[in-house]
Structure formats: C-alpha cells, structure tokens
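Below is one structure, written out as structure tokens; comments come after it.
The values are calculated or read from the model by the stated rules, or taken from the named source; none is laboratory data. None of the values given here were measured: they were computed from a predicted structure. Neighbour counts are summed over all protein chains in view; Cβ atoms, including those assigned to glycine, are modelled from backbone coordinates with ideal geometry.
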Amino acid sequence: METEPLFLQRFEIGGRDFVNAGKASTTVKGILKEIGMAPAVIRRAAIASYEAEMNVVLYARRGTLELRVTPREIGITVADTGQGIPDVGLAMQEGYSTASEEIREMGFGAGMGLPNIKKNADEFRLHSVVGEGTTLQIVIRG
Amino acid sequence: MKLAVVREALGCRVITGAHHLDGEVEVGCGADLMSDVLAFIKPHALLLTGLSTVHSVRTADVAEVRAIVYVRGKQPDPEAVELAREKGLVLLATRLPMFEACGRLYALGLRGGSEIEEDWSDGDRAPVPSAL
C-alpha cells in the first residue's frame, strides 16, 4: 500500500521558457526546507530537480514536474512531450550531449545532466519514446 | 576564507550582499558551464564564473553556493542581481580573468574540494591526479 504523501504539488514547465527555467526547482527546494528535511537531502533533491527541469526547458515542448513527499522519501517525476531520447544508454554517458551552441552559451548542455541526476538519486527510472516524450522518475531518501 | 579576503585579493566590486562579507566560503570552483557546477561543486563554495545570466544565480542557489565572483569584467544581468538579493547571495565582480582570479585565491589557501587535493603530504608539491 502506498504511503499517504505529506506533500504533493505539480508544476508546469514550458519548453524554451528560459526566463522561468529553474523556478519550479527553487520552489521545490523551499518546500523541502519548510517541511524540515535534512540539508544534504534537500541539496541532492534540488540539484536533481533542477537538472531535470532544465532538460525540459532545453529539449522538450512542455512538461510537468511533480513533487511527492512522504515521511520516508522524496519522489520527483518529470514528464515531457517532445522529441524523446533515441539512445538512453548513450545519453547516460558523462559528456555525451546533443545540445546546440545556443544552449551551451547559456551554460548548459555539457552532457552531465542525466548522470548527475542519477548520482543524486537513490532510485532512477527513465522512459523515453522518440517523437513523443520522456518520463523521469527519481526517489531520494535521507 | 572570508569573503572580505576574496574581495580584497581580487579587487572586487560588491554588487550585492555588502552586509555578508564576513561570511566564509569553504571551497572554490571556477566554471562557465552550470552543468559542471551542478555535478562537481561542494556546498558552501565560492563560484567564479563568466556566465552573467540569471542561471548563474539560480544554479548557485540550488547548489548551496555562498557567493559568486563574476570574472573578466562581466556584469550580471539585472534579473540575476534581483534573484541574488532575494536569496541572500553575495555577488562580486573582478576585472581579472578566470585563471588569474582562481590562482590568486588558491595561493591564499582556498582549495577546490576535489579528493586529489586532500593529501599534500609531499611537502609543497601538489598531489598529481592519475591520467585519464
């Protein structure tokens, strides 16, 4: 049986919306702080959330980020509609990137995003369909 | 290292956070790629960067960075300054280029936080990382 969440919130993320890029994750960080999670856990969740949010902004048409906090864990699900990832194995390699010059000029697209999300998460699931979109589910425990 | 020392060593202009210059940073990180910052930076760090967009501050906030030094005369965008004020982050600006700014702080004892820098047992000689 699933544990009743302490907190559940969904954020909309716009593809190419560079002005608001990262706002959902800073809100997530604030919420986790308010709930009273440990600083190290908050940092891991905020970094993973921010990387995932930026991936939607940089590569997808639109997406949602859902934060689910239970007494035992933090769950973050980021689902987008967009181009999808043709080779997930390749995308998981550090340094592999399909980012445009424009994205790199903004300081992103170094090919560290997905591996870094995995590094910060205790559970990591990535499902992608080319031409449809990508869903990323992570769980972080204290 | 106190932020006041950083300011002095790099001849920084204080953009915001003048009241927090007695705050300490534990490690330093020089990067223009925010993806690298998110992947490698340690908490309570000083970030030196040439990226002047709002994402420099948003990344710093997420990664628990205490202060940013904008190098080679870069000025952060107004949105970046506003967000830093809101989050209580110190923003400094120096005319020095990245290499020189990092070098000066390193010479004063600020370290980078990577594991290879932990052990300086061989006198003054820095430990050498293994080849790629």
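Among the residues of segment A:119-134, write down those that are closer than 25 Å to B:VAL62 by Cα and surrounded by fewer than 16 Cβ atoms within 10 Å (Cβ to Cβ).
A:LYS119, A:ASP122, A:GLU123, A:ARG125
State the number of residues belonging to segment A:95-127 that are at the interface with chain B (Cβ under 8 Å from one of its Cβ atoms) and either in contact with an Asp or Glu (Cβ under 7 Å, 6 or more places away or on another chain) or part of a loop (DSSP other than H, G, I, E, B) (or both).
Looking only at that region, the number is 10.
Residues that are modelled with pLDDT of 95 or more, away from chain A (no Cβ under 12 Å) and surrounded by 18 or more Cβ atoms within 10 Å (Cβ to Cβ): list the helices (runs of 4 or more DSSP H) wholly contained in segment B:1-114 that include at least 1 such residues.
B:3-10, B:78-87, B:98-107
Looking at A:MET112, is it over 18 Å from A:GLY133 (Cα atoms), touching a Gly at 6+ places or on another chain (Cβ under 8 Å), crowded, with 16+ Cβ neighbours inside 10 Å and at pLDDT below 95?
Considered against the rule, which asks whether it is over 18 Å from A:GLY133 (Cα atoms), touching a Gly at 6+ places or on another chain (Cβ under 8 Å), crowded, with 16+ Cβ neighbours inside 10 Å and at pLDDT below 95, A:MET112 comes out as yes.
Show the residue pairs meeting these rules: Cβ distance below 6 Å; 6+ apart or different chains; first residue within segment B:77-102 and touching a residue at least 12 places away in the same chain (Cβ under 8 Å); second residue basic (Lys, Arg) and not in a helix (DSSP H, G or I).
B:ALA93/B:ARG13; B:PRO97/B:ARG72
Name the residue, out of A:VAL57, A:VAL88, that is touching a strand residue (DSSP E or B) at 6+ places or on another chain (Cβ under 8 Å) and away from chain B (no Cβ under 11 Å).
On inspection, the qualifying residue turns out to be A:VAL88.
So the check is Cβ under 7 Å with 6+ separation or different chains; which pairs have a first residue in segment A:116-142 that's at pLDDT below 95 and a second one that's surrounded by fewer than 16 Cβ atoms within 10 Å (Cβ to Cβ) and of a type outside the set (Val, Ile, Thr)?
A:GLY142/A:ALA38
For segment A:25-44, give me each residue that is more than 10 Å from chain B (Cβ to nearest Cβ) and in contact (Cβ under 8 Å) with a residue 40 or more places away in the chain.
Hits for segment A:25-44 are A:LEU32, A:MET37, A:ALA38, A:VAL41, A:ARG44.
Could you identify the single residue in A:ALA52, A:ALA79 that is among the aliphatic types (A, V, I, L, M), surrounded by 14 or more Cβ atoms within 10 Å (Cβ to Cβ) and either within 12 Å of chain B (Cβ to nearest Cβ) or assigned to a loop (DSSP other than H, G, I, E, B) (or both)?
A:ALA52
Would you pick out the residues in segment B:19-33 that are in contact (Cβ under 8 Å) with a residue 12 or more places away in the chain and farther than 30 Å from A:GLU101 by Cβ?
B:HIS20, B:LEU21, B:ASP22, B:GLY23, B:GLU24, B:VAL25, B:GLU26, B:VAL27
Out of curiosity, is A:ALA21 part of a loop (DSSP other than H, G, I, E, B), of a type in the set (Gly, Ala, Ser) and either in contact (Cβ under 8 Å) with a residue 24 or more places away in the chain or in contact with a Pro (Cβ under 9 Å, 6 or more places away or on another chain) (or both)?
yes
Does A:ARG61 qualify as being surrounded by fewer than 16 Cβ atoms within 10 Å (Cβ to Cβ), closer than 23 Å to A:TYR96 by Cβ, modelled with pLDDT of 95 or more and not hydrophobic (A, V, I, L, M, F, W, C)?
Yes: the conditions hold for A:ARG61.
Give A:THR77, A:THR81, A:THR98, A:THR70 a once-over and let me know the one that is farther than 19 Å from B:VAL62 by Cα, of a type in the set (Ser, Thr, Tyr) and in contact (Cβ under 8 Å) with a residue 60 or more places away in the chain.
Among A:THR77, A:THR81, A:THR98, A:THR70, only A:THR70 is farther than 19 Å from B:VAL62 by Cα, of a type in the set (Ser, Thr, Tyr) and in contact (Cβ under 8 Å) with a residue 60 or more places away in the chain.
Determine which member of the set A:LEU67, A:LEU90 is among the hydrophobic types (A, V, I, L, M, F, W, C) and surrounded by fewer than 16 Cβ atoms within 10 Å (Cβ to Cβ).
Criteria check complete, one pass: A:LEU90.
Looking only at segment A:34-49, filter to residues that are surrounded by 12 or more Cβ atoms within 10 Å (Cβ to Cβ) and more than 12 Å from the chain's Cα centre (by Cα); which one of those is nearest to B:GLU64 (Cα to Cα)?
Per the criteria, the residue is A:ARG43.
Residue check: is A:ILE31 buried (at least 19 other Cβ atoms within 10 Å of the Cβ) and farther than 17 Å from B:HIS55 by Cα?
no
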